[in-house]
Structures are given as structure tokens and as C-alpha cells.
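Data first, discussion second: the structure below is written as C-alpha cells.
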Amino acid sequence: MKNRDSPRSHENFLQKEKKERELSNADHRLVGQQLDLFSMNEEVGVGLVLWHPSGTVVRRIIRDFWEEEHLKNGYQLVCTPHIAREELWRVSGHVNYYEQNMYIFKKDGERYVVKPMNCPFHIEIYKARPRSYRELPIRYAEWGTVYRYERSGTLQGLLRVRGFTQDDAHIFCTSKQVEPEILRLLDFTRHMLERFGFKEYRVYLSTRDPQHPENYMGSEQDWNQAQSALANALKEKSISYGEMPGGAVFYGPKIDVNVVDAAGREWQCPTIQFDFNLPKRFNITYVGADGKEHQVVMIHRVLLGAIERFFAIMIEHCNGNLPVWLAPIQAVVLPVGPDCLQYAEEVHRKLLNSGIRSELDNSQATVSYKIRQAEIRKIPYMIICGEQEARLRKVSVREHKIGNTGLLTVRELVKKTKGQGIR
Ligand SMILES: [Zn+2]
């Protein structure tokens, strides 16, 4: 908590990131405006995002996919409040270590905090009843929206905002389960990143600074054990990694995964974080096979990071040409003149009924103008319906940035669109 946002290295990292992004010609803010995905304005407040309908479609698809994958991977979904009494954040240590980043308000003489993190809530769910070793590991996952005060100079587009949603999860396990859990997490991380088109990434192991053990919580033995559990998992997966001594936050070592985008830039997204601090502060335990209480080990992890930030990285990575499964509109149906409108409407309806995100362009413009408009909007499929197509009960397909790809029946088109799904 404390170290994450304060050290100079982090500030340098942000500066470097800002500079690199400015060199890019695929600025997500520009693409976001062109494709009507999101906006921000000073009336609402800097660093606060308004998701427009098209952006919300993409967000929902990512979230649905994410939730399904998490359920398949043994996670349970939870939902937690946006505010909590200050006392909770005192127990967690946020009041002491993180107060300058928190939004705090008073009501009926009591102070409340707008959540900057989801962790204490997941811990409270764990603590709602006694836990046996048989139940572990317990994995709670949530798209948790958090608010953190950041200096206005550090804000930039969606990459650094004040209100954002983390694809958060907390794993509660025994110390023996840590290594297998990390192995599972490394596989899961790769699986998720690849689905979003990131094939290349670099891995870093952030350990404590051996020169300054006083800056870290927990015994030397705890640290050595935790650091070697993370390192062993990386070695077992044959993942080469860079070590970052002093890069750990005060409550435990972590693995950071930086994705490499199409322009060769590195972006830190997934983080797998060991924690000695919160299990002690909240006294979270389980009853072991010996009938005694033992302290739980806790792993915090995000795979995409902040959704807003991940969205920006993805937009810049593909220059706004979202893959078919993520495109807000997958197909636009273009009738060639008014005589073909009826057939075009029929095609459009069939596509909608088959779960394809289709739009009908029934404006008076020429087909070539409609095609240009669809290209600007980066819609993957343009479905041309003329007299010949109506007679053959087929459609002519034109693909974004590729051109005409032939005649298909609606059924074949649906199959093709769905086949371009999650790869
Ligand atoms: Zn956490």
C-alpha cells in the first residue's frame, strides 16, 4: 500500500509511460472519441470515466468472459459495498499508510471511506464464519470499483484515473497451497492475456531490499519462504524473469507481468501479490486437521489490472480495430437502394436473433458512402444486400481493412462471426 504509490521509481515509471504513450499515434483518447466509447469532463471531475453505450458493450463482453473463466477456474464471485466505516480501514492499515489517496466523508458524526481497495471486504466475507482447512483454498473474485486520489498532473486518459474497476481476486490458502496456487495463477494469467491478443510479456519478481529489512513487515523467514515460493513457481513454468530487489510492497513480495504491445511498449497489468500484513491485522484463520487454529496466507491478484487502463492498452495495441468478439457492432447491414430494404431488414433481424451485434444502415446515402462510414467506425463486417443477393438468399460480405470476401448465406455468416470469437 505505502510503497506502491510513493517511491520515486514509481514516479519515474509513470513519467516514462507518459512519454512513451505520447509517441504513439494510436492514442486511445482519440480512438475513444472517434468510436464514441467513453468521455471524461471537468464538470463530472477529472479522472472519472463516463462509459458510452459502445464502450459499455465492450466492457460487458470482457466482464462476461472474465466471470465465466473465473467460475471455470474455481473462483466464487462476490459483490461488496463502495463505502465502509473508517474503522475498517484503520484495521487494514489504510488510514495510516494510504490516507492521502483516500476520499473520506462524514455523515451523522461518523467518518466513512470510499473504498480505495477491495481486500478488506473479501476478508470480511471470509470471516463471516469459521473456516476449515477442507474448504481451502477459497478464491473470491469481483469487478470492484475503487476510488483513489491521484495528483491531477499524473492523470492521463484512461491510463491513470481516479475511479476505476479492478478485476480483483483474493485467494485464502494454507502456506503449503501457495506454490500450487501461484502455478495455477501463472497459467490463468497467460490464458487471459492471450485471449485479448497479448502473446508477449515480461515477468518481474519484486523482492524486498535486503539492505532495509526495517521497511518490511514480517520475519526474514516469512520473506525468504514467500520469495522462494514465487521464484520456484516461475522456474517450474520455465518463465524467465527479472528480479527487482526493493520492488516489493511492504507487506509481501509479488510477481508483476508486463504485457508487450504492438509498438513494443511494456505495460504492467497482472500482479500476483503475497500478503503477510492483512491476515495478521484481521486475524484470519482456519481450523487445521490438527483441530487448531492456523493463520491463513492471502494472495491478492489482478489479471487485467484496472479495466480502464487495460481498455486503453488494448485500444492502442490494436489501434481501435477491436477483434470481432469484442467489437461493439460486429456487422452493419447495407441495403443497395430502397428496393432491397426489405431483404436487408430480414437479414438484420436474423443476425440479431442469432446473437450477432448487428446494425442496419437504412439511410439514403450510396453504398460506397455507407462502406466508408463503416470503415471509419472500424466495424468488422459490412453486409451488402442487393437485388442479386436477395435473389440468391445470400449476402455479400466485406471485411474491415480486407475488402470483399464473397457471398455467404446468413447462417454461414453467423458461423463465421462466432468463429471469430474468443481465440
Ligand atoms: Zn487486495
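All conditions but one from (1) surrounded by fewer than 21 Cβ atoms within 10 Å (Cβ to Cβ); (2) more than 18 Å from the chain's Cα centre (by Cα) apply to ILE182; the one that does not is (1). As a summary of the residue check, TRP89 satisfies the conditions (1) outside any helix (DSSP H, G or I); (2) farther than 18 Å from GLN295 by Cα; (3) not β-branched (Val, Ile, Thr) except for the one numbered (1). Say whether the condition of being more than 16 Å from the ligand (Cβ to nearest atom) and not in a strand (DSSP E or B) is met by at least one residue in segment 161-171. Scanning segment 161-171 turns up at least one residue that is more than 16 Å from the ligand (Cβ to nearest atom) and not in a strand (DSSP E or B). Within segment 131-139, at least one residue is part of a strand (DSSP E or B), within 16 Å of the ligand (Cβ to nearest atom) and more than 16 Å from the chain's Cα centre (by Cα).
For segment 51-73, filtering for residues that are closer than 25 Å to CYS119 by Cα and loosely packed, with under 14 Cβ neighbours inside 10 Å leaves 5. Pairing each residue of segment 289-313 that is closer than 18 Å to LEU186 by Cβ with any residue that is of a type in the set (S, T, N, Q) and away from the ligand (no atom under 13 Å from the Cβ), provided the two are 6+ apart or on different chains, yields C-beta distances under 7 Å for VAL297/THR174; VAL297/SER175; LEU303/THR189.
Whether any residue in segment 271-284 is in a strand (DSSP E or B), away from the ligand (no atom under 16 Å from the Cβ) and open to solvent by 10 Å² or more (accessible area, probe 1.4 Å) is what I want to check.
no
What about LYS394, is it over 28 Å from the mean Cα position of the chain (by Cα) and over 29 Å from GLY32 (Cβ atoms)? Here the answer is yes, as LYS394 does meet what is asked. For GLU308, the requirement of being more than 16 Å from the ligand (Cβ to nearest atom) and open to solvent by 10 Å² or more (accessible area, probe 1.4 Å) is not met.
Considering every residue within segment 366-383, establish whether at least one is aromatic (Phe, Trp, Tyr) and either assigned to a helix (DSSP H, G or I) or without any contact (Cβ under 8 Å) to a residue 24 or more places away in the chain (or both). Checking segment 366-383: at least one residue is aromatic (Phe, Trp, Tyr) and either assigned to a helix (DSSP H, G or I) or without any contact (Cβ under 8 Å) to a residue 24 or more places away in the chain (or both). Taken over segment 80-102, the criterion of being under 30 Å from LEU37 (Cα atoms) and out of contact with any helix residue (DSSP H, G or I) (no Cβ under 9 Å at 6 or more places or on another chain) is satisfied by HIS82, ILE83. Number of residues in segment 393-421 that are loosely packed, with under 14 Cβ neighbours inside 10 Å and touching a residue at least 40 places away in the same chain (Cβ under 8 Å): the value is 2. In the condition set (1) outside any strand (DSSP E or B); (2) of a type outside the set (A, V, I, L, M); (3) open to solvent by 10 Å² or more (accessible area, probe 1.4 Å); (4) more than 16 Å from the ligand (Cβ to nearest atom), HIS294 is compliant with all but (1).
Being within 16 Å of the ligand (Cβ to nearest atom), under 30 Å from HIS294 (Cα atoms) and free of Cβ contacts under 8 Å to residues at least 60 places away in the same chain, is that true of even one residue in segment 98-116? Yes; the residues of segment 98-116 include at least one that is within 16 Å of the ligand (Cβ to nearest atom), under 30 Å from HIS294 (Cα atoms) and free of Cβ contacts under 8 Å to residues at least 60 places away in the same chain.
The values are calculated or read from the model by the stated rules, or taken from the named source; none is laboratory data. Keep in mind that this is a model prediction, so the values were computed, not measured. Positions of Cβ are backbone-derived with ideal geometry, glycine not excepted, and every protein chain shown enters the neighbour counts. All accessible areas refer to the heavy atoms of the entire protein, side chains included, with ligands and DNA or RNA removed. Shrake-Rupley method; radii C 1.70, N 1.55, O 1.52, S 1.80 Å.
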